[in-house]
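Read through the structure below, which is laid out as structure tokens, and then see the notes.
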Amino acid sequence: MGMEPVAASREDEEAKKMEAGGDTVGQKLDAGALFVLQSKGSWLHCGYHLTTSIVAPPLLSLPFAFAALGWAAGIVGLVVGAAVSFYSYNLISRVLEHHAQQGRRQLRFRDMATDILGPGWGKYYIGPIQFLVCFGAVIACTLLAGQSMKAIYLLANPGGKIKLYVFVAIFGVFMMILAQLPSFHSLRHVNLISLLLCLAYSFCAVAGSVYLGTTLTLQTPKPASQRLKENSSDK
């Protein structure tokens, strides 16, 4: 019972330092860190963001990967990818927990890299890697969205002549509009819709695969030798 007031006062002291612009070890926090600390997101919103950012891109390419690799290699690759992802996220969480126990809460990858590698490596090594990853992801998502929009357009209008770059430009304008939102928390409703669309896509892909599999099984073409015999008997 005697430890509860001490723990509460320590938490209050750390909270006051955060509000004043300093972290738990007395260092000054920049505007980006303060912005993260002032976020009003919940664990539910975190689920929206993580699911949309991690699941959505592989989900679109997973059927193509399975079709190219086959069931055996596809399942093995999926299990290996899941194991690597689980290990890497578990490792990152352990590192963050370790630094938090030492009194320094890591809010960004750059902060963690600065503590581990030093200020020089954290700024000039991790920063460019993050920029290249984000830059590549934005380009890949824009091209993929343009191809998806064109595929939908051709399904609705098989004789359509609109080029791919038009759909890429349309989605690029949409991305620029979303980029004007003040914070990542402002995307929670968009990511919720994306999560629902990912689930709907998964159900549609499974249902379509089952339907095509059963249809092709029922309508399996006859062997060539049997067709030749039937044709010769008809003559």
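Laboratory data are not the source of any read-out in this text; all were calculated from the coordinates shown. All of these numbers come straight from a predicted model, not from anything done at the bench. Positions of Cβ are generated from backbone atoms using ideal geometry, with glycine treated the same way; all protein chains shown enter the neighbour counts.
So how far apart, in nm, are the two label points at Ser93 and Phe174 if each is 7 Å from Cα heading toward Cβ? Here the modelled spin labels are 3.3 nm apart. When only alpha carbons are used to place a centre, segment 124-180 and segment 42-88 end up 20 Å from one another.
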